[in-house]
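So the structure is just underneath, and the comments pick up after that.
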């Protein structure tokens, strides 16, 4: 199989050697950074993106927008968990060994990987979260999807996955997050809406400042005297005059 990488007859293996070969030429400190990034860093960054998105959507937009966005954010980690469960029978059926078991000369940055290679759990989970966040908020979703792509590159760079393992993980995570989103949001939205109506727990969906702003806007509409003037008749000062 290593010969296939050199003559280009197997693009998957050839691309594996090309990307993993960068680890051989890089300084050891950079490999350690990539190791941490691929194993833990990207997923920690995903958590920060989800929390930042939640903090942003609960302070902006109308009540309906906040409920929908928070429901989407709840769906993102749930989609990742479901995608990982779906991957269990896939990995057992395909039974593809890790690339370093079949190919010599790879720079493996992480030891102890004894399970099967297809599809990548990290790539699956990262893309499921990224697409789930995109369902909730496009701006933050694009950032999360970008992180998922970096995660896939890191897994090949580290020598623990083939490129097709990563692509398969991206496809699986995207499929679960998108195909099940309508059902998930139909179940989560009423739950989040009920939480939003709670006096205490409602702050998880809407901040203090947002409802105050909405009440002011509602009063302006209900009582034009608080605005530029009265549309229904003269005000008290006019009557007194």
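I'd like the full set of residues that are surrounded by fewer than 17 Cβ atoms within 10 Å (Cβ to Cβ) and closer than 20 Å to residue 98 by Cβ, limited to the range 20-30. Full working, then the answer.
Taking the range 20-30 and keeping what is surrounded by fewer than 17 Cβ atoms within 10 Å (Cβ to Cβ), we get 21-22, 24-30.
Residues satisfying the conditions are 21, 22, 24.
Please return the ranges of helices (runs of 4 or more DSSP H) entirely within the range 59-143 where 2 or more residues are modelled with pLDDT of 90 or more and surrounded by fewer than 21 Cβ atoms within 10 Å (Cβ to Cβ). Step through it out loud before you land on a result.
Details: elements: 63-94, 99-102, 121-136.
Passing ranges, in order: 63-94.
In the range 174-195, is there at least one residue being modelled with pLDDT under 85, more than 22 Å from the chain's Cα centre (by Cα) and not in a helix (DSSP H, G or I)?
no
Can residue 44 be described as free of Cβ contacts under 8 Å to residues at least 40 places away in the same chain and under 18 Å from residue 152 (Cβ atoms)? Before you say what the answer is, go through the steps one by one.
Numbers: free of Cβ contacts under 8 Å to residues at least 40 places away in the same chain: yes; under 18 Å from residue 152 (Cβ atoms): yes.
Answer is yes for this residue.
Considering only residues that are touching a helix residue (DSSP H, G or I) at 6+ places or on another chain (Cβ under 6 Å) and touching a residue at least 24 places away in the same chain (Cβ under 8 Å), which ones fall in the range 184-198? Full working, then the answer.
First pass over the range 184-198, keeping only residues touching a helix residue (DSSP H, G or I) at 6+ places or on another chain (Cβ under 6 Å): 184-185, 188-189, 192-193, 195-196.
Of everything in the range 184-198, those that are touching a helix residue (DSSP H, G or I) at 6+ places or on another chain (Cβ under 6 Å) and touching a residue at least 24 places away in the same chain (Cβ under 8 Å) turn out to be 184, 185, 188, 189, 192, 193, 196.
Please enumerate the residues belonging to the range 41-58 that are buried (at least 16 other Cβ atoms within 10 Å of the Cβ) and assigned to a helix (DSSP H, G or I).
To start, the set of residues in the range 41-58 that are buried (at least 16 other Cβ atoms within 10 Å of the Cβ) comprises 41-43, 45-46, 49-50, 53-54, 57-58.
The answer is 41, 42, 43, 45, 46, 49, 50, 53, 54, 57.
Does the range 88-110 include one or more residues that are over 24 Å from residue 73 (Cβ atoms) and within 18 Å of the chain's Cα centre (by Cα)? So that I can check it myself, show each step before the final result.
Initial filter on the range 88-110 (over 24 Å from residue 73 (Cβ atoms)): 88-110.
Pick out the ones that are also within 18 Å of the chain's Cα centre (by Cα) and you get none.
Checked against the condition, which is being over 24 Å from residue 73 (Cβ atoms) and within 18 Å of the chain's Cα centre (by Cα), the range 88-110 yields no hits at all.
Does residue 172 satisfy being touching a helix residue (DSSP H, G or I) at 6+ places or on another chain (Cβ under 9 Å) and surrounded by fewer than 18 Cβ atoms within 10 Å (Cβ to Cβ)? Reasoning before the result, please.
Numbers: touching a helix residue (DSSP H, G or I) at 6+ places or on another chain (Cβ under 9 Å): yes; surrounded by fewer than 18 Cβ atoms within 10 Å (Cβ to Cβ): no.
For residue 172, the condition - touching a helix residue (DSSP H, G or I) at 6+ places or on another chain (Cβ under 9 Å) and surrounded by fewer than 18 Cβ atoms within 10 Å (Cβ to Cβ) - is not met.
The values are calculated or read from the model by the stated rules, or taken from the named source; none is laboratory data. Just so it is clear, the structure is predicted and the values come from calculations on it, not from any experiment. Note: ideal-geometry Cβ built from the backbone for every residue, glycine included; neighbour counts use all protein chains shown.
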